[in-house]
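The values are calculated or read from the model by the stated rules, or taken from the named source; none is laboratory data. Quantities reported herein were computed from a predicted structural model and do not represent experimental measurements. Backbone-built Cβ (ideal geometry, glycine too); neighbour counts: all protein chains shown. Quick note on the areas: whole protein, heavy atoms, side chains included, nothing else; ligands and nucleic acids left out. Shrake-Rupley method; radii C 1.70, N 1.55, O 1.52, S 1.80 Å.
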2 protein chains.
Amino acid sequence: MLSQKTRYAIRAMQDLADRYGQGPAQLADIAERQNIPPKFLTVILSELTRFGLVDSQRGRDGGYWLAIAPVDISYGDLIRIMRGSLALVPCASRFAHEKCKNCVAESDCRTRALMLEVRDRTAELLDAIKLSDPIELAPADLGEGETTE
Amino acid sequence: MLSQKTRYAIRAMQDLADRYGQGPAQLADIAERQNIPPKFLTVILSELTRFGLVDSQRGRDGGYWLAIAPVDISYGDLIRIMRGSLALVPCASRFAHEKCKNCVAESDCRTRALMLEVRDRTAELLDAIKLSDPIELAPADLGEGETTE
DNA sequence: TTATTCTCTATCAAATAAGTTGAGAATATG
DNA sequence: CATATTCTCAACTTATTTGATAGAGAATAA
């Protein structure tokens, strides 16, 4: 699962993408529109700023804006930046590769072999969709036993 | 990421699948072969037993064995059982659907729309691979900057 | 009846996640 | 320059989850 922080980060970036080219957006406004605790959002936006995805300016009429065009930021990038990896297990991560604790030998691990494939497919999908892409909204799910997985 | 417990569960099930039809396997042996803390494995195997994937017998020469043929157990099933869902966000889960805390309206949530697709693709892959399938092992990753994502 | 092996609930510690505090630094404006 | 505004950043708190263990109990075979 994506952490709450990662989800907030994604929504904040979508918010900025929607306003790309329109000058700085202020933290308090983003927080309100996106329903994110403002103080927590400072942590998230500062992190995104340090990573170079967002630029900022202090003082009156300051705020945040995307440092990169929305068309050049994929959802894959966002998730990698926020959670370190797209993979489901550490040993299947490309950029944050790490041996799984208490595992059998990597070369013998069937789980790993499988998770490498899952990671590749996920990356394929998430790297292809950019912050600029219109996303077709899905109908809300109400209650139990619905049509979505 | 999959929890350690889920990874242990997968390895334990692979272990049982390899011995399908050969009588009960004992917890201590599975634990040793798969490098899983034995006491923790009791929790995991009991859970799998309660879910009906595994059968067990107590007493001398007792142990665990698959209650279902390996060909009928997919990795998707295993992950759903152990972590509740294949989805990356609660609101994109089919069987464990739940509103994401602090989100915008589900019908307005682009993240959700996207994650529904990720979940579908992951499910497609993981539901097609069964415990009985031979999995081509991947070479171990040594150190930094490798070829895997 | 005894040794063996699974069952179950409770509990604990460590790690992670979520969110807050508060002091500080840059910027625009009057 | 003084002030209000807005971001910056490290430290901290709290809640939750995860990983693991303990220990009493119940079934089974010999």
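Quick look at the values:
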| quantity | calculated |
| --- | --- |
| In the stretch A:107-121, the residues that are facing chain B (nearest Cβ under 7 Å) and under 17 Å from B:Ala17 (Cβ atoms) | A:Asp108, A:Arg110, A:Thr111, A:Arg112, A:Ala113, A:Leu114 |
| Exclusive hit being closer than 19 Å to A:Lys101 by Cα, of a type in the set (Lys, Arg) and free of Cβ contacts under 8 Å to residues at least 60 places away in the same chain, set B:Arg19, B:Arg33, B:Arg50 | B:Arg33 |
| Qualifying residue in the stretch B:99-119 (condition: within 16 Å of DNA strand C (Cβ to nearest atom) and of a type in the set (S, T, N, Q)) | yes |
| Residue check for B:Ala12: out of contact with any Cys (no Cβ under 9 Å at 6 or more places or on another chain) and either within 12 Å of DNA strand C (Cβ to nearest atom) or open to solvent by 30 Å² or more (accessible area, probe 1.4 Å) (or both) | yes |
| Yes/no for B:Tyr75 being surrounded by 19 or more Cβ atoms within 10 Å (Cβ to Cβ), in contact with a Leu (Cβ under 7 Å, 6 or more places away or on another chain) and more than 11 Å from chain A (Cβ to nearest Cβ) | no |
| Helices (runs of 4 or more DSSP H) (entirely within the stretch A:1-110) containing at least 2 residues that are within 12 Å of DNA strand D (Cβ to nearest atom) | A:4-18, A:27-34, A:38-50 |
| Any chance B:Pro134 is more than 16 Å from DNA strand D (Cβ to nearest atom), surrounded by fewer than 21 Cβ atoms within 10 Å (Cβ to Cβ) and without any contact (Cβ under 8 Å) to a residue 12 or more places away in the chain | yes |
| The stretch A:51-67: number of residues that are away from DNA strand C (no atom under 14 Å from the Cβ) and out of contact with any helix residue (DSSP H, G or I) (no Cβ under 9 Å at 6 or more places or on another chain) | 1 |
| Test: residue in the stretch A:130-142 that is within 20 Å of A:Met1 (Cβ to Cβ) and assigned to a helix (DSSP H, G or I) | no |
| Residue check, A:Ala96 hydrophobic (A, V, I, L, M, F, W, C), under 26 Å from B:Cys100 (Cβ atoms) and modelled with pLDDT under 95 | yes |
| Residues located in the stretch A:15-52, provided they are open to solvent by 60 Å² or more (accessible area, probe 1.4 Å) and of a type in the set (Ser, Thr, Tyr) | A:Tyr20 |
| Selection within the stretch B:81-104 - free of Cβ contacts under 8 Å to residues at least 12 places away in the same chain, facing another protein chain (nearest Cβ under 7 Å) and over 24 Å from B:Ile44 (Cα atoms) | B:Lys101, B:Asn102, B:Val104 |
